[in-house]
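> Structure below; questions to follow.
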Amino acid sequence: MSDRVSETVTMPMRFGSNSGQSVTRRDGIAKVTGRATYAADNHPDGMLYAVYVPATIARGRVTHLDTAAAKAHPGVVEVFTPKNRPPVVGDPDKKPFMFAIPIEVLQDDTVRYAMQPIALVIGETLEAATEGARLLKPQYEVEPARTGFDAEPAKRAAAGPFGRPAEVVHGDTEAGLSQAKQTLDVTYDTPAQYHNAMEPHAIVAKWDGDKLEIDTPNQAIVLSRGFYAFYFGIPADNILIRSPYLGGGFGSKAVPYSPLVLAIAAARKLDRPVKLVLTRAQMFGPVGHRGATRQRLRIGIDGEAQMTALDHVSTAIVDSFDSSFPEPAANASQGLYNASSLHSLMMVVHNDIGVPGAMRAPGEASGSAALECAIDEMAEKAGMDPLEFRLKNYADVEPGTGKPYSSKALRECYAEGAKRFGWAGRPLAPRQMVDDKGFLTGWGMGTALFGAPMFAAQARAVLRPDGTGLVETAAADMGQGAWTALAQIAADSLGLPLDKVEFRSGSSDLPDGGVAGGSGHTATAGGALHAAGTDAIRRLGELAAADPQSPLFGTGNQGFVARDGRLYAARDESRSEAYADIIARAGGQEIEGKGSAARPPEDAARHAMYSHGAVFAEVKIDPVLFQMRVTRLVGAFAAGRIINPKLAESQLMGGMIWGISFALHEEARFDKRTGRIMNTDLAGYHIPVNADVQGLEVITVHEDDPYVNPLGIKGVGEIGVTGTVGAIGNAIWHATGRRIRHFPIRIEDLLA
Ligand code: MOS
């Protein structure tokens, strides 16, 4: 009987009771009242403070450190250098997994980038350790730093990040260009950017024999446990990572970095807990960044303004010793416009910098910035409205591969966004609009695109005898609202109100919730939670259907609906019973469900899966001083099922604000003489403040996606930055008639 029941029980896909609601962030009050405990808030007994000493050159060798002076300072407990480094078992130059990077843990005296750790000072207080670090006064043998695109001739990348190929060819773009009626050949530059999460990287490490507990903000806690197991030669099960709250991650907190590994090594060596918190300046070096790109785009169109070729070659600046993460900007051209030939290629130039990595919308942020400006330039050449040009080249199947999209409501995004913005009637030529204060006014647009990946996750769900639920998955809330949206999905799968479900997460001893990255966390961890809840309900249904005393006796073959703590027969809702009553008669044991989620490879092969959007920007520019303001941004996005509109809109706004940042503010500036970054603080590394963010409007367009995953969820975390940068660049052209082919665009560019 139970076999038959489990075959026919329907999934309780009753979204709308919790999912789809704009539930306020459940961790919000704890955060704003200071009760949320971040990693650095932990102070285990006997804890020591670690400060790492950063290299002040970008390339060379450390020849001397005044360890005697540092050790003599009161409160300094130990000074680690390559001469007495605390042991790290795994080879720091080997990468335990694809996403890892080679690390510097004092294995030798080589300096390969500025801010690299060259010593670690441990003190009884932070002040003692900080002063000890200052007293080391490193001396170096300096080699000239390789900085910028001119450091060497660009070479073809061995491979792209995430296992992607360096080159993708569909058709013959050279032929497409030579047959074109009109062509465009432009080069756009994007700068190095550093994640700069509000909460710096931090760790509190505590050993008990060969068991390790660490408090550290981390976007992939179970995966990272494996990394640390590799470095310290212990089983992953011996490691507990707690990461209940992250003050931002943006891709920078998914892998272990040198300073964190060093702190753990020091704690083991000294047999005392150790805390290490990076300073803001130390965030510009060993913890990843978005690499600079130089992108050449060539486009050809025929007499009907139909694209005959889209050729995108992106040269990325990478480090000198790993080179595994060329910013994959050229990918942005592969999935969007219906060009009859497509070519993308990644090239690299090596510099003396820390290893670049994934930063919010890796590839697409930089790539779409250049692509969307180039599209605008091509539309201008064709004498067409940029939206009309994009619609002319709209792809109904993925260009190149010919795969159907799992869903694509981009037309609706264009239409909704254009309507809300008031795009109609925009003058084609630039410099046509002046507002009542005499400010040059321009309107521009860009298409937003980001993939809808899924990773692998597991979850556990429990129905308790009192009728409440418990769900567990080691997910990560970087601030995006995972603790709320995932709990909503879990509550729906269990047929319970949100406040009747306990949600446990953020600890690596729970089932693996997968990586909070790639905008795939809600789909992945949410999918696993949904499957676990469904499994628990299935088991509950089996009990009820087999129990002659239950009103649901014998209804197993019609399936059940789970709602508000009651189980209903699917085709006869007059027959129902409360969970607690079913469980009580069955002996009062908890009912446990298990679930997992991942995308079957055959699903991935069948459809192209992306979130889409359209962003419209208005800028106003002082005609004399050229101060620029983004006065309005309207973004319309289609991203499958939206679990929590308030949080999703907040994510999309955050992405669009990052777009303002990319277009007008952010840039790590390197000193050519030293290879050091000159603006390693938030005074010099500009990001938008409230005054920079004026009108900002987000529309989410309805989209049902039956293929992307069983819940129909895509992602919203990264797409907001794509499209926006180009929209702003294009609006600046429309206001001024000037094409500035690099980001950020600054006053001096318009003055020149
Ligand atoms: Mo993201 S760059 O996948 O955190």
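> Of all residues in region 317-353, count the ones that are crowded, with 24+ Cβ neighbours inside 10 Å and within 16 Å of the ligand (Cβ to nearest atom).
7
> Among what's in region 651-688 and is among the small types (Gly, Ala, Ser) and surrounded by fewer than 18 Cβ atoms within 10 Å (Cβ to Cβ), pick the residue that is nearest to residue 115 (Cα to Cα).
684
> Which residues, counting only those in region 66-97, are among the hydrophobic types (A, V, I, L, M, F, W, C) and in contact with a strand residue (DSSP E or B) (Cβ under 6 Å, 6 or more places away or on another chain)?
70, 76, 77, 79, 80
> Yes or no: residue 246 within 16 Å of the ligand (Cβ to nearest atom), part of a helix (DSSP H, G or I) and within 24 Å of the chain's Cα centre (by Cα)?
no
> Taking region 181-230 as the region of interest, how many residues are over 30 Å from residue 330 (Cβ atoms) and assigned to a strand (DSSP E or B)?
Going through region 181-230 one residue at a time, the tally reaches 12.
> Now for a separate question. Take the residues in region 324-333 that are assigned to a loop (DSSP other than H, G, I, E, B) and modelled with pLDDT of 95 or more; name whichever of them is farthest from residue 670 (Cα to Cα).
Of everything passing the filter in region 324-333, 328 is farthest from residue 670 (Cα to Cα).
> Okay, next question. Within the group 523, 532, which residue is closer than 26 Å to residue 588 by Cα and either touching a strand residue (DSSP E or B) at 6+ places or on another chain (Cβ under 7 Å) or within 16 Å of the ligand (Cβ to nearest atom) (or both)?
Going through 523, 532 in turn, just one is closer than 26 Å to residue 588 by Cα and either touching a strand residue (DSSP E or B) at 6+ places or on another chain (Cβ under 7 Å) or within 16 Å of the ligand (Cβ to nearest atom) (or both): 532.
> Can you pull out the residues in region 51-78 that are part of a strand (DSSP E or B) and under 19 Å from residue 284 (Cβ atoms)?
Residues satisfying the conditions are 51, 52, 53, 54, 60.
> Okay, moving on. Is it the case that some residue within region 369-392 is within 16 Å of the ligand (Cβ to nearest atom), touching a residue at least 40 places away in the same chain (Cβ under 8 Å), under 21 Å from the mean Cα position of the chain (by Cα) and on the phi < 0 side of the Ramachandran plot?
The answer is yes, given that some residue of region 369-392 is within 16 Å of the ligand (Cβ to nearest atom), touching a residue at least 40 places away in the same chain (Cβ under 8 Å), under 21 Å from the mean Cα position of the chain (by Cα) and on the phi < 0 side of the Ramachandran plot.
> Give me a count of the residues in region 433-485 that are under 14 Å from the mean Cα position of the chain (by Cα) and of a type in the set (Asp, Glu).
Residues in region 433-485 being under 14 Å from the mean Cα position of the chain (by Cα) and of a type in the set (Asp, Glu): 1 in total.
> Still on this structure, please answer the following. When region 720-739 is examined, which residues are found to be in contact with a Cys (Cβ under 9 Å, 6 or more places away or on another chain) and either within 16 Å of the ligand (Cβ to nearest atom) or β-branched (Val, Ile, Thr) (or both)?
725
> While we're on this one: Quick one: would you say residue 255 is in contact (Cβ under 8 Å) with a residue 60 or more places away in the chain and within 22 Å of residue 124 (Cα to Cα)?
no
> Do the conditions hold for residue 110, that is, is it among the polar types (S, T, N, Q) and without any contact (Cβ under 8 Å) to a residue 40 or more places away in the chain?
no
> Please count how many residues of region 508-538 are aliphatic (A, V, I, L, M) and surrounded by fewer than 24 Cβ atoms within 10 Å (Cβ to Cβ).
Summing the residues that are aliphatic (A, V, I, L, M) and surrounded by fewer than 24 Cβ atoms within 10 Å (Cβ to Cβ) in region 508-538 gives 2.
> Looking at (1) in a loop (DSSP other than H, G, I, E, B); (2) more than 16 Å from the ligand (Cβ to nearest atom), can you tell me which one residue 717 breaks?
(2)
> A further question follows. For region 43-68, what are the residues that are touching a residue at least 24 places away in the same chain (Cβ under 8 Å) and surrounded by fewer than 20 Cβ atoms within 10 Å (Cβ to Cβ)?
43, 44, 45, 46, 47, 56, 60, 61, 63, 64, 66 - these are the residues of region 43-68 that are touching a residue at least 24 places away in the same chain (Cβ under 8 Å) and surrounded by fewer than 20 Cβ atoms within 10 Å (Cβ to Cβ).
> Oh, and also: In the list 691, 638, which residue meets the criterion of being more than 22 Å from the chain's Cα centre (by Cα) and away from the ligand (no atom under 16 Å from the Cβ)?
Testing whether each residue is more than 22 Å from the chain's Cα centre (by Cα) and away from the ligand (no atom under 16 Å from the Cβ) leaves just 691.
The values are calculated or read from the model by the stated rules, or taken from the named source; none is laboratory data. Everything numeric in this text was worked out from a predicted model, so none of it was measured. In this analysis, Cβ positions are derived from the backbone assuming ideal geometry, glycine residues included, and neighbour counts consider all displayed protein chains.
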